[in-house]
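Got a structure for you, written out below as C-alpha coordinates; questions coming shortly.
The values are calculated or read from the model by the stated rules, or taken from the named source; none is laboratory data. Quick caveat: nothing in here was measured; it's all calculated off a predicted structure. Heads up, the Cβs are rebuilt from the backbone with ideal geometry, glycines too, and the neighbour counts pull from every protein chain shown. Surface accessibility is based on the protein's heavy atoms, side chains included, excluding ligands, DNA and RNA. Shrake-Rupley method; radii C 1.70, N 1.55, O 1.52, S 1.80 Å.
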Amino acid sequence: MYLQGQNGLLSTFREGWRTRGTLGIVFALLLIAFYLLMYFEDWFAGRFGIRWFTQIAESAGLSNRWYLYGFLYCVAMIGGGIYYLRRHGNSRYNQLRIATNIGVQVMFGFSLPFFMHLMGQKDFYFSYIWPLKIEYLYPETIAQYPFYIIMYSAVASLLLMPILAITLGKRWYCSWICGCGGLSNTFGDPWRHLTSKSTPSWRFEQVTVHTVMILAVVSTGLVAFDFAIGKDYPAFHAVAFEFRGWYAFVVSAILAGVVGVGLYPLFGPRVWCRNFCPMAAMLGLMQKIGRYRITVKPDMCISCGNCSTYCEMGIDVRSYAQSNQSFTRASCVGCGMCAHMCPRGVLRLENTWNKQKDKTRAGLPIVDF
Ligand code: SF4
Ligand code: SF4
(Lines give C-alpha, C1' and ligand atoms only; values in the text may rest on other atoms or scores of the structure.)
(Ligands and ions follow the chains in the order given, each with its own letter.)
Protein backbone atom coordinates (compact mmCIF):
# COMPACT_ATOMS: atom_id res chain seq x y z
CA MET A 1 0.00 0.00 0.00
CA TYR A 2 2.83 2.42 0.79
CA LEU A 3 4.17 2.09 -2.73
CA GLN A 4 0.99 3.44 -4.25
CA GLY A 5 1.22 7.10 -5.10
CA GLN A 6 -1.94 8.52 -3.66
CA ASN A 7 -2.33 6.49 -0.53
CA GLY A 8 -1.56 9.41 1.75
CA LEU A 9 -5.08 10.30 2.72
CA LEU A 10 -5.87 6.75 3.81
CA SER A 11 -3.23 6.76 6.52
CA THR A 12 -3.02 10.45 7.42
CA PHE A 13 -5.46 10.48 10.28
CA ARG A 14 -4.73 7.04 11.70
CA GLU A 15 -1.28 7.54 13.18
CA GLY A 16 -1.14 9.21 16.60
CA TRP A 17 2.16 10.99 16.02
CA ARG A 18 0.69 12.70 12.98
CA THR A 19 -2.25 14.18 14.83
CA ARG A 20 -2.27 16.82 17.57
CA GLY A 21 -2.46 14.03 20.15
CA THR A 22 -0.09 13.22 23.01
CA LEU A 23 2.61 11.82 20.75
CA GLY A 24 2.48 14.89 18.56
CA ILE A 25 2.86 17.15 21.59
CA VAL A 26 5.80 15.10 22.88
CA PHE A 27 7.43 15.31 19.46
CA ALA A 28 6.93 19.09 19.38
CA LEU A 29 8.42 19.51 22.87
CA LEU A 30 11.48 17.47 21.87
CA LEU A 31 12.01 19.61 18.78
CA ILE A 32 11.61 22.82 20.79
CA ALA A 33 14.09 21.58 23.41
CA PHE A 34 16.55 20.67 20.66
CA TYR A 35 16.37 24.15 19.15
CA LEU A 36 16.62 25.93 22.51
CA LEU A 37 19.71 23.93 23.47
CA MET A 38 21.27 24.38 20.03
CA TYR A 39 20.58 28.09 19.53
CA PHE A 40 21.07 29.27 23.10
CA GLU A 41 23.85 26.96 24.19
CA ASP A 42 25.92 29.83 25.60
CA TRP A 43 23.03 30.82 27.87
CA PHE A 44 22.62 27.24 29.13
CA ALA A 45 26.39 26.89 29.55
CA GLY A 46 26.52 30.04 31.69
CA ARG A 47 23.76 28.90 34.03
CA PHE A 48 23.83 25.10 34.02
CA GLY A 49 27.19 24.21 32.48
CA ILE A 50 25.42 22.42 29.60
CA ARG A 51 27.34 22.40 26.31
CA TRP A 52 26.11 19.15 24.86
CA PHE A 53 26.13 20.01 21.19
CA THR A 54 29.57 21.59 21.26
CA GLN A 55 30.92 18.53 23.08
CA ILE A 56 29.36 16.16 20.54
CA ALA A 57 30.65 18.31 17.66
CA GLU A 58 34.18 18.42 19.06
CA SER A 59 34.27 14.70 19.75
CA ALA A 60 33.27 14.17 16.10
CA GLY A 61 36.14 16.41 14.96
CA LEU A 62 33.91 19.35 13.99
CA SER A 63 35.10 22.84 14.90
CA ASN A 64 31.74 24.04 16.25
CA ARG A 65 28.17 22.94 16.87
CA TRP A 66 26.80 24.63 13.74
CA TYR A 67 28.46 22.05 11.52
CA LEU A 68 26.84 19.36 13.64
CA TYR A 69 23.53 21.17 13.13
CA GLY A 70 24.14 21.34 9.37
CA PHE A 71 24.92 17.63 9.31
CA LEU A 72 21.79 16.71 11.30
CA TYR A 73 19.75 18.99 9.04
CA CYS A 74 20.95 17.06 5.98
CA VAL A 75 20.21 13.72 7.67
CA ALA A 76 16.68 14.91 8.55
CA MET A 77 16.10 16.05 4.97
CA ILE A 78 17.39 12.84 3.43
CA GLY A 79 15.37 10.65 5.84
CA GLY A 80 12.27 12.80 5.33
CA GLY A 81 12.86 12.83 1.57
CA ILE A 82 12.84 9.03 1.45
CA TYR A 83 9.61 9.00 3.49
CA TYR A 84 8.03 11.56 1.18
CA LEU A 85 9.10 9.87 -2.05
CA ARG A 86 7.82 6.48 -0.88
CA ARG A 87 4.41 8.12 -0.55
CA HIS A 88 4.38 10.60 -3.41
CA GLY A 89 7.31 9.70 -5.59
CA ASN A 90 5.22 8.49 -8.53
CA SER A 91 5.21 12.06 -9.79
CA ARG A 92 8.18 13.28 -11.84
CA TYR A 93 7.67 16.79 -10.44
CA ASN A 94 8.00 15.52 -6.86
CA GLN A 95 11.03 13.38 -7.67
CA LEU A 96 12.90 16.26 -9.29
CA ARG A 97 11.84 18.83 -6.72
CA ILE A 98 12.81 16.82 -3.66
CA ALA A 99 16.06 15.50 -5.18
CA THR A 100 17.09 19.04 -6.17
CA ASN A 101 16.18 20.49 -2.78
CA ILE A 102 18.15 17.82 -0.90
CA GLY A 103 21.09 18.15 -3.30
CA VAL A 104 21.22 21.93 -2.83
CA GLN A 105 21.11 21.56 0.95
CA VAL A 106 23.83 18.92 1.09
CA MET A 107 26.06 20.85 -1.29
CA PHE A 108 25.46 24.50 -0.38
CA GLY A 109 23.89 24.23 3.07
CA PHE A 110 26.59 21.97 4.51
CA SER A 111 29.48 20.62 2.38
CA LEU A 112 30.71 23.82 0.71
CA PRO A 113 30.66 25.99 3.87
CA PHE A 114 32.31 23.14 5.76
CA PHE A 115 35.19 22.91 3.27
CA MET A 116 35.49 26.69 2.98
CA HIS A 117 35.99 26.79 6.73
CA LEU A 118 38.55 23.95 6.57
CA MET A 119 40.52 25.96 4.01
CA GLY A 120 40.53 29.01 6.25
CA GLN A 121 37.90 30.88 4.23
CA LYS A 122 34.73 32.56 5.44
CA ASP A 123 31.93 29.97 5.21
CA PHE A 124 29.12 31.23 3.01
CA TYR A 125 25.77 29.52 2.63
CA PHE A 126 24.96 30.15 -1.00
CA SER A 127 21.47 28.63 -0.91
CA TYR A 128 20.27 31.41 1.43
CA ILE A 129 19.96 34.98 0.24
CA TRP A 130 18.75 38.30 1.64
CA PRO A 131 16.31 38.87 3.31
CA LEU A 132 16.32 35.29 4.59
CA LYS A 133 20.03 35.59 5.38
CA ILE A 134 19.74 39.19 6.39
CA GLU A 135 23.38 39.82 7.24
CA TYR A 136 24.41 39.12 3.64
CA LEU A 137 23.27 42.59 2.64
CA TYR A 138 24.60 44.36 5.71
CA PRO A 139 27.21 46.84 4.48
CA GLU A 140 29.98 45.59 6.71
CA THR A 141 29.65 42.13 5.17
CA ILE A 142 29.79 43.67 1.70
CA ALA A 143 32.81 45.76 2.71
CA GLN A 144 34.57 42.71 4.14
CA TYR A 145 33.87 40.29 1.29
CA PRO A 146 33.00 42.48 -1.71
CA PHE A 147 33.51 39.88 -4.42
CA TYR A 148 31.54 37.05 -2.79
CA ILE A 149 28.73 39.22 -1.64
CA ILE A 150 28.26 41.46 -4.65
CA MET A 151 28.49 38.56 -7.08
CA TYR A 152 26.13 36.45 -5.09
CA SER A 153 23.94 38.21 -2.58
CA ALA A 154 23.28 41.48 -4.35
CA VAL A 155 22.80 39.89 -7.78
CA ALA A 156 20.72 37.02 -6.39
CA SER A 157 18.58 39.14 -4.07
CA LEU A 158 18.05 42.22 -6.16
CA LEU A 159 18.09 40.84 -9.68
CA LEU A 160 17.55 37.10 -9.88
CA MET A 161 14.92 36.83 -7.12
CA PRO A 162 12.41 39.25 -8.71
CA ILE A 163 12.96 37.98 -12.26
CA LEU A 164 12.49 34.34 -11.32
CA ALA A 165 9.58 35.01 -8.97
CA ILE A 166 7.70 36.93 -11.65
CA THR A 167 8.36 34.43 -14.41
CA LEU A 168 8.19 31.14 -12.45
CA GLY A 169 6.49 32.01 -9.16
CA LYS A 170 8.04 31.64 -5.74
CA ARG A 171 8.28 27.87 -6.11
CA TRP A 172 11.72 28.16 -7.76
CA TYR A 173 13.04 29.14 -4.34
CA CYS A 174 10.56 27.96 -1.67
CA SER A 175 10.13 24.45 -3.01
CA TRP A 176 13.36 23.78 -4.89
CA ILE A 177 16.26 25.68 -3.26
CA CYS A 178 15.52 26.91 0.25
CA GLY A 179 16.67 24.75 3.17
CA CYS A 180 13.74 25.84 5.36
CA GLY A 181 11.25 24.83 2.67
CA GLY A 182 13.26 21.68 2.04
CA LEU A 183 13.03 20.60 5.65
CA SER A 184 9.28 21.29 5.62
CA ASN A 185 8.75 19.20 2.51
CA THR A 186 10.78 16.23 3.73
CA PHE A 187 11.12 15.93 7.49
CA GLY A 188 7.91 17.94 7.96
CA ASP A 189 5.80 16.10 5.40
CA PRO A 190 4.03 13.80 7.91
CA TRP A 191 2.31 16.86 9.40
CA ARG A 192 1.36 18.81 6.26
CA HIS A 193 -2.38 18.20 6.77
CA LEU A 194 -2.24 20.06 10.14
CA THR A 195 -1.85 23.50 8.53
CA SER A 196 -5.00 25.45 9.31
CA LYS A 197 -7.19 26.59 6.43
CA SER A 198 -9.31 28.87 8.59
CA THR A 199 -9.95 32.54 7.88
CA PRO A 200 -8.41 33.68 11.22
CA SER A 201 -5.19 31.80 10.40
CA TRP A 202 -5.15 33.46 6.96
CA ARG A 203 -5.60 36.90 8.58
CA PHE A 204 -2.84 36.14 11.09
CA GLU A 205 -0.50 35.12 8.26
CA GLN A 206 -1.24 38.31 6.32
CA VAL A 207 -0.28 40.49 9.27
CA THR A 208 2.73 38.58 10.58
CA VAL A 209 4.52 37.72 7.36
CA HIS A 210 4.34 41.28 6.03
CA THR A 211 5.35 42.71 9.42
CA VAL A 212 8.51 40.59 9.46
CA MET A 213 9.23 41.61 5.86
CA ILE A 214 9.03 45.30 6.84
CA LEU A 215 11.22 44.67 9.89
CA ALA A 216 13.84 43.02 7.66
CA VAL A 217 13.89 46.02 5.35
CA VAL A 218 14.03 48.44 8.30
CA SER A 219 16.85 46.49 9.94
CA THR A 220 18.89 46.46 6.72
CA GLY A 221 18.18 50.17 6.15
CA LEU A 222 19.19 51.12 9.69
CA VAL A 223 22.43 49.16 9.52
CA ALA A 224 23.25 50.60 6.07
CA PHE A 225 22.55 54.18 7.17
CA ASP A 226 24.58 53.68 10.33
CA PHE A 227 27.46 52.39 8.22
CA ALA A 228 27.17 55.33 5.84
CA ILE A 229 27.27 58.07 8.50
CA GLY A 230 30.23 56.52 10.30
CA LYS A 231 30.96 56.78 14.01
CA ASP A 232 29.88 60.41 14.48
CA TYR A 233 26.39 59.53 15.75
CA PRO A 234 26.79 57.08 18.66
CA ALA A 235 23.11 57.32 19.64
CA PHE A 236 21.99 56.24 16.17
CA HIS A 237 24.61 53.51 16.14
CA ALA A 238 23.25 52.18 19.43
CA VAL A 239 19.69 52.08 18.03
CA ALA A 240 20.76 50.32 14.83
CA PHE A 241 22.87 47.84 16.78
CA GLU A 242 20.04 47.09 19.22
CA PHE A 243 17.51 46.69 16.41
CA ARG A 244 19.58 44.20 14.44
CA GLY A 245 20.28 42.26 17.65
CA TRP A 246 16.57 41.97 18.39
CA TYR A 247 15.81 40.99 14.82
CA ALA A 248 18.42 38.22 14.98
CA PHE A 249 17.05 36.97 18.30
CA VAL A 250 13.33 37.14 17.59
CA VAL A 251 13.17 36.37 13.87
CA SER A 252 16.26 34.31 13.04
CA ALA A 253 16.40 32.25 16.24
CA ILE A 254 12.94 32.09 17.84
CA LEU A 255 10.61 32.32 14.84
CA ALA A 256 12.73 30.47 12.28
CA GLY A 257 14.04 27.75 14.58
CA VAL A 258 12.29 27.23 17.90
CA VAL A 259 8.79 28.09 16.67
CA GLY A 260 9.24 27.47 12.96
CA VAL A 261 10.41 23.86 13.27
CA GLY A 262 9.36 23.08 16.84
CA LEU A 263 5.68 23.48 15.98
CA TYR A 264 5.68 21.21 12.91
CA PRO A 265 3.81 18.42 14.76
CA LEU A 266 1.10 20.81 15.95
CA PHE A 267 0.55 23.38 13.19
CA GLY A 268 2.05 21.81 10.08
CA PRO A 269 5.49 22.13 8.50
CA ARG A 270 5.30 25.63 7.07
CA VAL A 271 4.80 27.63 10.28
CA TRP A 272 7.87 29.74 9.50
CA CYS A 273 7.39 30.00 5.72
CA ARG A 274 3.72 30.86 5.95
CA ASN A 275 3.72 33.25 8.89
CA PHE A 276 7.15 34.77 9.35
CA CYS A 277 9.58 34.36 6.44
CA PRO A 278 10.43 37.78 4.93
CA MET A 279 11.71 36.12 1.78
CA ALA A 280 8.41 34.28 1.29
CA ALA A 281 6.53 37.56 1.75
CA MET A 282 8.58 39.34 -0.90
CA LEU A 283 8.45 36.45 -3.34
CA GLY A 284 4.69 36.21 -2.74
CA LEU A 285 4.12 39.84 -3.74
CA MET A 286 6.06 39.24 -6.93
CA GLN A 287 4.22 35.98 -7.57
CA LYS A 288 0.89 37.81 -7.43
CA ILE A 289 1.84 40.09 -10.32
CA GLY A 290 3.74 37.40 -12.22
CA ARG A 291 2.84 34.44 -14.44
CA TYR A 292 2.38 31.64 -11.88
CA ARG A 293 -1.11 30.31 -11.20
CA ILE A 294 -3.02 27.12 -10.46
CA THR A 295 -5.57 26.39 -13.15
CA VAL A 296 -8.83 24.63 -12.42
CA LYS A 297 -10.57 22.41 -14.98
CA PRO A 298 -14.22 23.50 -14.96
CA ASP A 299 -16.95 21.25 -13.55
CA MET A 300 -14.64 18.38 -12.65
CA CYS A 301 -14.30 18.81 -8.89
CA ILE A 302 -16.10 16.28 -6.69
CA SER A 303 -15.35 18.26 -3.47
CA CYS A 304 -13.38 15.45 -1.86
CA GLY A 305 -11.07 18.03 -0.21
CA ASN A 306 -7.80 16.16 -0.76
CA CYS A 307 -6.21 19.28 -2.25
CA SER A 308 -7.03 21.49 0.74
CA THR A 309 -6.13 18.81 3.26
CA TYR A 310 -2.69 18.35 1.75
CA CYS A 311 -1.91 22.02 1.19
CA GLU A 312 0.95 22.84 3.54
CA MET A 313 0.33 26.58 3.21
CA GLY A 314 -3.25 26.52 4.46
CA ILE A 315 -4.87 27.41 1.14
CA ASP A 316 -8.40 26.12 0.73
CA VAL A 317 -7.84 24.95 -2.83
CA ARG A 318 -11.18 23.16 -2.88
CA SER A 319 -13.10 26.45 -2.68
CA TYR A 320 -11.44 27.59 -5.90
CA ALA A 321 -12.00 24.24 -7.58
CA GLN A 322 -15.68 24.18 -6.62
CA SER A 323 -16.08 27.68 -8.04
CA ASN A 324 -14.26 26.77 -11.28
CA GLN A 325 -11.74 29.48 -10.49
CA SER A 326 -8.10 29.38 -11.44
CA PHE A 327 -6.02 31.34 -8.97
CA THR A 328 -2.72 32.78 -7.79
CA ARG A 329 -2.16 33.03 -4.06
CA ALA A 330 0.86 34.89 -2.72
CA SER A 331 1.45 32.19 -0.14
CA CYS A 332 1.43 29.22 -2.55
CA VAL A 333 4.90 27.65 -2.64
CA GLY A 334 4.16 25.53 -5.70
CA CYS A 335 4.77 22.22 -3.97
CA GLY A 336 2.26 20.65 -6.36
CA MET A 337 0.65 18.46 -3.72
CA CYS A 338 -2.87 19.75 -4.37
CA ALA A 339 -2.62 18.66 -8.02
CA HIS A 340 -0.89 15.43 -7.06
CA MET A 341 -3.54 14.40 -4.53
CA CYS A 342 -6.55 15.31 -6.69
CA PRO A 343 -8.26 12.11 -7.85
CA ARG A 344 -9.89 13.91 -10.79
CA GLY A 345 -6.91 15.74 -12.28
CA VAL A 346 -8.66 19.07 -11.74
CA LEU A 347 -5.61 21.17 -10.87
CA ARG A 348 -2.52 22.17 -12.80
CA LEU A 349 0.42 24.39 -11.88
CA GLU A 350 1.36 26.62 -14.77
CA ASN A 351 2.99 29.87 -15.82
CA THR A 352 1.00 32.22 -18.02
CA TRP A 353 0.26 35.92 -18.43
CA ASN A 354 -3.39 35.16 -19.19
CA LYS A 355 -4.77 35.56 -15.64
CA GLN A 356 -7.32 38.31 -15.97
CA LYS A 357 -10.35 36.17 -15.08
CA ASP A 358 -8.95 34.88 -11.79
CA LYS A 359 -10.76 35.85 -8.59
CA THR A 360 -9.22 36.63 -5.23
CA ARG A 361 -9.92 34.74 -2.00
CA ALA A 362 -12.38 37.42 -0.91
CA GLY A 363 -14.68 36.58 -3.84
CA LEU A 364 -15.08 32.93 -2.90
CA PRO A 365 -17.26 30.95 -0.47
CA ILE A 366 -14.38 29.69 1.73
CA VAL A 367 -15.16 26.83 4.11
CA ASP A 368 -13.06 27.07 7.26
CA PHE A 369 -11.55 23.89 8.71
S1 SF4 B 1 -1.94 25.50 -3.30
FE2 SF4 B 1 -1.10 23.51 -4.02
S3 SF4 B 1 0.92 24.01 -4.86
FE4 SF4 B 1 0.28 25.77 -3.59
S5 SF4 B 1 1.17 25.36 -1.55
FE6 SF4 B 1 -0.92 24.52 -1.55
S7 SF4 B 1 -0.67 22.35 -2.13
FE8 SF4 B 1 1.24 23.42 -2.69
S1 SF4 C 1 -9.99 19.84 -6.82
FE2 SF4 C 1 -9.65 17.62 -6.80
S3 SF4 C 1 -8.79 17.19 -4.77
FE4 SF4 C 1 -9.70 19.24 -4.66
S5 SF4 C 1 -11.76 18.90 -3.85
FE6 SF4 C 1 -11.90 18.90 -6.11
S7 SF4 C 1 -11.73 16.76 -6.73
FE8 SF4 C 1 -11.02 16.87 -4.59
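Filter region 283-305 down to residues that are more than 10 Å from ligand 1 (Cβ to nearest atom) and more than 10 Å from Ser331 (Cα to Cα), then give me how many there are.
Residues flagged as more than 10 Å from ligand 1 (Cβ to nearest atom) and more than 10 Å from Ser331 (Cα to Cα) within region 283-305 amount to 16.
Could you give me the residue pairs with C-beta distances under 7 Å whose first residue belongs to region 118-137 and is touching a residue at least 12 places away in the same chain (Cβ under 8 Å) and at negative phi, whose second residue is open to solvent by 50 Å² or more (accessible area, probe 1.4 Å) and outside any loop (DSSP other than H, G, I, E, B) wherever it lies, and which are 6+ apart or on separate chains?
From residues that are touching a residue at least 12 places away in the same chain (Cβ under 8 Å) and at negative phi, the pairs are Phe124/Tyr148; Tyr125/Phe108; Phe126/Phe108; Phe126/Leu112; Ser127/Phe108.
Considering only residues that are within 15 Å of ligand 2 (Cβ to nearest atom) and touching a residue at least 24 places away in the same chain (Cβ under 8 Å), which ones fall in region 291-304? So that I can check it myself, show each step before the final result.
Just the residues of region 291-304 that are within 15 Å of ligand 2 (Cβ to nearest atom), to begin with: 293-304.
Passing the criteria: Arg293, Ile294, Thr295, Val296, Lys297, Pro298, Asp299, Met300, Cys301, Ile302, Cys304.
So if I check each of Val271, Val296, which one is out of contact with any strand residue (DSSP E or B) (no Cβ under 7 Å at 6 or more places or on another chain), among the β-branched types (Val, Ile, Thr) and at pLDDT 95 or above?
Working: Val296 fails: out of contact with any strand residue (DSSP E or B) (no Cβ under 7 Å at 6 or more places or on another chain).
Going through Val271, Val296 in turn, the sole match is Val271.
Now, a different point. Just wondering, is there one or more residues in region 119-130 that are open to solvent by less than 30 Å² (accessible area, probe 1.4 Å) and either modelled with pLDDT of 90 or more or touching a Ser or Thr at 6+ places or on another chain (Cβ under 6 Å) (or both)?
Quick first cut of region 119-130, residues open to solvent by less than 30 Å² (accessible area, probe 1.4 Å) only: 124, 127, 129-130.
So of that shortlist, the ones also either modelled with pLDDT of 90 or more or touching a Ser or Thr at 6+ places or on another chain (Cβ under 6 Å) (or both) come out as 129-130.
Yes, region 119-130 contains at least one residue that is open to solvent by less than 30 Å² (accessible area, probe 1.4 Å) and either modelled with pLDDT of 90 or more or touching a Ser or Thr at 6+ places or on another chain (Cβ under 6 Å) (or both).
Still on this structure, I have one more. Among helices (runs of 4 or more DSSP H) lying entirely in region 133-188, which contain 2 or more residues that are open to solvent by 10 Å² or more (accessible area, probe 1.4 Å) and modelled with pLDDT under 85?
Values: elements: 139-144, 146-149, 161-168, 171-174, 179-185.
Answer list for region 133-188: 139-144, 146-149.
Please find, among Ala280, Ala321, the residue that is more than 29 Å from Gly257 (Cβ to Cβ), within 14 Å of ligand 1 (Cβ to nearest atom) and in a helix (DSSP H, G or I).
None of the other options fit; the residue is Ala321.
Conditions (1) among the basic types (Lys, Arg); (2) buried (at least 19 other Cβ atoms within 10 Å of the Cβ); (3) under 24 Å from Leu96 (Cα atoms); (4) within 10 Å of ligand 2 (Cβ to nearest atom), marked per residue:
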{"residue": "Leu285", "(1), (2), (3), (4)": "no, no, no, no"}
{"residue": "Ile289", "(1), (2), (3), (4)": "no, no, no, no"}
{"residue": "Cys307", "(1), (2), (3), (4)": "no, yes, yes, yes"}
{"residue": "Cys311", "(1), (2), (3), (4)": "no, yes, yes, yes"}
{"residue": "Asp316", "(1), (2), (3), (4)": "no, yes, no, yes"}
{"residue": "Gly334", "(1), (2), (3), (4)": "no, yes, yes, no"}
{"residue": "Cys338", "(1), (2), (3), (4)": "no, yes, yes, yes"}
{"residue": "Cys342", "(1), (2), (3), (4)": "no, yes, yes, yes"}
{"residue": "Val346", "(1), (2), (3), (4)": "no, yes, yes, yes"}
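Could you please let me know if Phe225 is open to solvent by 10 Å² or more (accessible area, probe 1.4 Å) and closer than 25 Å to Asp42 by Cβ? Talk me through it step by step, then tell me what you get.
Details: open to solvent by 10 Å² or more (accessible area, probe 1.4 Å): yes; closer than 25 Å to Asp42 by Cβ: no.
So Phe225 does not fit the description; no.
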